[in-house]
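Asker: Dropping the structure in here first, questions after.
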Ligand SMILES: [Zn+2]
């Protein structure tokens, strides 16, 4: 049995309207179109040759990815590069690709709602509202509840998100009643978190100078790794697609490029 690409696209757009995506983003069809026939969907954060192999293995002919395949206009498909080869392989394998990126960040039930749920935190408002977002939502989430220590939050990041080695920038306060969340790269939301009265920001990643900026403002930052901060949305996406009646698989490939064993193992110098 098969469905049209249009049916899948419309279902995804009902969750994450493309109009909510940032202007620099490239969401929607990356490879394929409304007329493709879909019999099995694989949802993944990233696309690489391991995810394509997984799609082949489960029999998926559509990959719904969070991170787009293309950001810049394509002038040449150079199949000698890893990216060009991957695109050619996807086309050869007849696997379509659809991306829901910053539009999935901007909705309450998207990346940050899934992150909050995974961490057992209660979102009360977005960090940055977006015009036209359903439920008056937007980027990030401000969560409120009983005070949690930095240690408890780090433990949740490890245990519930699976982050092997969270990185912590301690701020001024040890217990947090208001916690900001931003799946992915959160540096641009440091000031917004402080202005919203949050004393801790849990995000995927920040750079050195961003962490210093946060520390100077007294904000604790817990970096969960980009991958692990966004991975909770995958099962939510799969659940969202299931009413269409088609088989939906969640990718099991951990596409984070960071190898935790090198952070924890003893370095042999002999
Ligand atoms: Zn991301």
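Please treat every number below as a calculation from the coordinates, not as lab data. From a predicted model like this one, the values you see are computed outputs, not experimental measurements. Backbone-built Cβ (ideal geometry, glycine too); neighbour counts: all protein chains shown.
Asker: Nearest 10 degrees, 0 to 90: what angle lies between the long axis of helix 82-92 and the longest principal axis of the chain (Cα atoms)?
Answerer: Roughly 40 degrees, rounded to the nearest 10.
Asker: Using the Kirkwood radius built from alpha carbon pairs, what does the Stokes-Einstein equation give as D for the chain at 20 °C and 1.002 mPa s, in µm² per second?
Answerer: 110
Asker: Could you work out how far helix 232-241 tilts from the main Cα principal axis of the chain, as a 0 to 90 degree angle to the nearest 10?
Answerer: 40
Asker: Over its Cα atoms, what ratio of radius of gyration to 2.2 N^0.38 Å does region 49-167 give?
Answerer: Against the empirical 2.2 N^0.38 Å value, I get 1.38 for region 49-167.
Asker: Right, here's the next one. Take the Cβ-Cβ distance between residue 188 and residue 13 as r, set R0 to 30 Å, and report the resulting FRET efficiency rounded to the nearest 0.05.
Answerer: Efficiency computed from Cβ-Cβ geometry: 0.75.
Asker: Under 17 Å from a label point 7 Å along Cα→Cβ of residue 57: give me every residue in region 226-269 with its amide N that close.
Answerer: 248-256
Asker: Another question about this same structure. Among 88, 118, 44, which one shows the biggest mean-square fluctuation in a GNM of the chain, springs joining Cα atoms closer than 10 Å?
Answerer: Taking springs between Cα atoms under 10 Å, the residue moving most is 88.
Asker: For region 105-230, max minus min Cα coordinate along each principal axis, in Å, sorted largest first?
Answerer: 35, 28, 28
Asker: How long are the semi-axes of the ellipsoid equivalent to region 205-270, from square roots of 5 times the Cα gyration tensor eigenvalues, in whole Å, largest first?
Answerer: Its equivalent ellipsoid spans semi-axes of 34, 22, 7 Å.
Asker: Can you give me the angle between helix 49-58 and the longest principal axis of the chain, using Cα atoms only, in degrees from 0 to 90, rounded to the nearest 10?
Answerer: Taking Cα atoms only, the helix is inclined about 60 degrees.
Asker: For region 105-230, what's the relative contact order in percent, using C-alpha pairs closer than 8 Å and at least 6 residues apart?
Answerer: Values: 296 pairs, mean separation 31.5, N = 126.
Across region 105-230, relative contact order equals 25 percent.
Asker: Another question, if that's okay. Using a Förster radius of 41 Å, what is the FRET efficiency between residue 94 and residue 207 based on their Cβ-Cβ separation? Nearest 0.05, please.
Answerer: Efficiency computed from Cβ-Cβ geometry: 0.55.
Asker: Moving to a separate point now. Quick one: 4, 255, fewest Cβ neighbours within 10 Å first, how do they rank?
Answerer: Neighbour counts put them in this order, fewest first: 4, 255.
Asker: Okay, next question. Between residue 40 and residue 235, what is 0.36 nm times their sequence separation minus the Cα-Cα distance? Round to one decimal in nm.
Answerer: 68.7 nm
Asker: Additional query: For labels at residue 135 and residue 215 in the simple 7 Å Cα→Cβ model, what's the distance in nm?
Answerer: 3.6
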